[in-house]
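Shown next, in structure tokens, is the structure this report addresses.
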Amino acid sequence: MSTATPSTQTGSCLCGAVTYNLTGAPFSSFLCHCANCRKFTGSTYQANSMYAGRDSLTVTKGESNLSVHAYNNTTSGNTLRRHFCKSCGSPLFIYPDAAPGVVVVMSGGLDDPAAFAPTKECFVKDRLPWVTPIEAAQFEAVPPHR
């Protein structure tokens, strides 16, 4: 049974050194197939939940254990400020420079990731051939932010 509601959600890194709270429902949940996201996650794609307002995310433990890397060599050409745990390396959230009012949270770090199933896929041209598309809207690049 899900304990999450559209207005509250919690998450953490793998080792638990960093925890966070989210307020409000994500306005978008999607899978990204770009090479940058694949490399960052070490997986076939990155599952994301996008929230309006960077104040919707509050780090509740371990803010000093966060590391940030600005990635400029992205498929979209936009700079992504990727936040991850210094101890375990878990990717946690992104501040995209092109959307200053948005925080992108890695859905796998949510304590209840099943609460927000993806409804979009982006960079589908880069989707690996053996990955089955989900029944969702498909985008060749970054999906609309609303």
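Read-outs throughout are calculated quantities, based only on the coordinates presented, and are distinct from any laboratory measurement. Since we're looking at a predicted model, the values are computed, not measured. Positions of Cβ are backbone-derived with ideal geometry, glycine not excepted, and every protein chain shown enters the neighbour counts.
Points to keep in mind about this one:
- Here is the list for region 32-136: chymotrypsin sites (Phe, Trp or Tyr not before Pro) lying in DSSP coil, each with at most 11 other C-beta atoms within 10 angstrom of its C-beta, are Trp130.
- For the chain, share of DSSP beta bridges that run antiparallel, in % to the nearest 5: 85
- For a 4.7 Å threshold on C-beta separation, the list of partnerless cysteines in the chain reads Cys34, Cys122.
- With the cut-off at under 13 Å, measuring from each backbone N in region 45-63 to a point 7 Å along the Cα-to-Cβ line of Phe27 picks out 50-56.
- Within the same chain, aspartates and glutamates fewer than 8 places from Lys39 are excluded, and of the rest, those with a Cα less than 18 Å from its Cα are Glu121, Asp126.
- Where only DSSP H runs of four or more residues are counted, the chain gives -1000 deg cm²/dmol as its mean residue ellipticity at 222 nm, each run worth -39500 (n - 2.57).
- Aspartates and glutamates whose Cα lies under 17 Å from that of Lys125, excluding same-chain neighbours fewer than 8 positions away: Glu135, Glu140
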